[in-house]
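Student: Below is the structure I would like to discuss, written out as C-alpha cells.
The numbers here are math on the coordinates, done by the rules we state, and not lab data. Everything numeric here is computed off the predicted structure, so don't read it as measured data. Here the Cβ positions follow ideal geometry from the backbone for every residue, glycine too, while neighbour counts run over all protein chains shown.
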Amino acid sequence: TGRKKRQRPAGLLRLAAGTPAALADMRAFVEARRPDVLYVNTVTMPWWLLVARRLRVRSVIHVHEAEAALPAHLQLALTAPLRLADTVVFNSRTSRAVAAAVRGVGPGLADAPVVLNGLTGPPATPPREVLDDGVRLLYVGRLSQRKGVDVAVEAC
C-alpha cells in the first residue's frame, strides 16, 4: 500500500523532497491556532514534535506502538524523535518496555508514565441466533497484515 511504497528508495526520496513543504504547512497550522500543548498520538509522524519544539509549544506524545520485531535501526528511527517531546506517555507497559530497550535513546523512557486506554467498549449484546443475512463487521483502523486484522475482514 502507500505506506509500504514510501519505505522503498524512490518513495523515501519523494517523502524527503516533500518534507520541507509539509513542515511549513504544519508550522503554519500550529502558528494559526497557537495551542498551549500539542498532543501527538503516533510515533510515525515525528514532524509534529519537531514543529512544536521549533515553535516552543509544549508537546505530549502518547505512544501506542510496540515494534519489537523491527530491525534495530528502524526501532531507533521510531524512538529517537520521542526525545523532542516535553512529555512521553505510553498506552501499555509493553510499549514502554519496547521503547526503553532501544539502545542509545530508550533507557530514560523506562520511567515514563503509562496511561491505559480509558475507553470501555459498548455493552455486550447477545449474538444473533441465526446468521441468515451474513456476518456484519465494522472495522475502523488501518488494515495491517502484521497486526492480523486483515484475517477478520477476509473471514467475513
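Student: THR125 to VAL151: FRET efficiency via 1/(1 + (r/R0)^6), r the Cβ-Cβ distance, R0 22 Å, to the nearest 0.05?
Tutor: Values: r = 23 Å, r/R0 = 1.04.
With R0 = 22 Å, the Cβ-Cβ based efficiency is 0.45.
Student: Could you state the number of Å between the C-alpha centres of region 78-118 and region 16-71?
Tutor: Comparing the Cα centres of region 16-71 and region 78-118, I get a distance of 16 Å.
Student: Let me ask another. Pop a pseudo-label 7 angstrom from the Cα along the beta-carbon direction at both VAL115 and ARG103 and give the gap in nm to one decimal.
Tutor: Using points 7 Å along Cα→Cβ, the separation is 3.3 nm.
Student: Here's something else I'd like to know. Using r as the Cβ-Cβ distance of ASP25 and HIS64, and R0 as 30 Å, what FRET efficiency do you calculate, to the nearest 0.05?
Tutor: Details: r = 24 Å, r/R0 = 0.82.
So the FRET efficiency works out to roughly 0.75.
Student: Net charge near THR79, counting Lys/Arg +1 and Asp/Glu -1 over other residues with Cβ under 12 Å of its Cβ? Before the final figure, lay out each step's value.
Tutor: On the way: positive: ARG83, ARG96, ARG103; negative: GLU65, GLU67.
Residues close to THR79 contribute a combined charge of +1.
Student: Simple spin-label model, 7 Å along Cα-to-Cβ: ARG93 to ALA80 in nm?
Tutor: 3.1 nm
Student: Quick one: Karplus J couplings for region 62-73, per residue in order, coefficients 6.51, -1.76, 1.60, θ = phi - 60°, nearest Hz, x for Gly and Pro?
Tutor: Each residue of region 62-73 in turn: 10, 8, 10, 8, 9, 9, 5, 7, 6, x, 4, 5 Hz.
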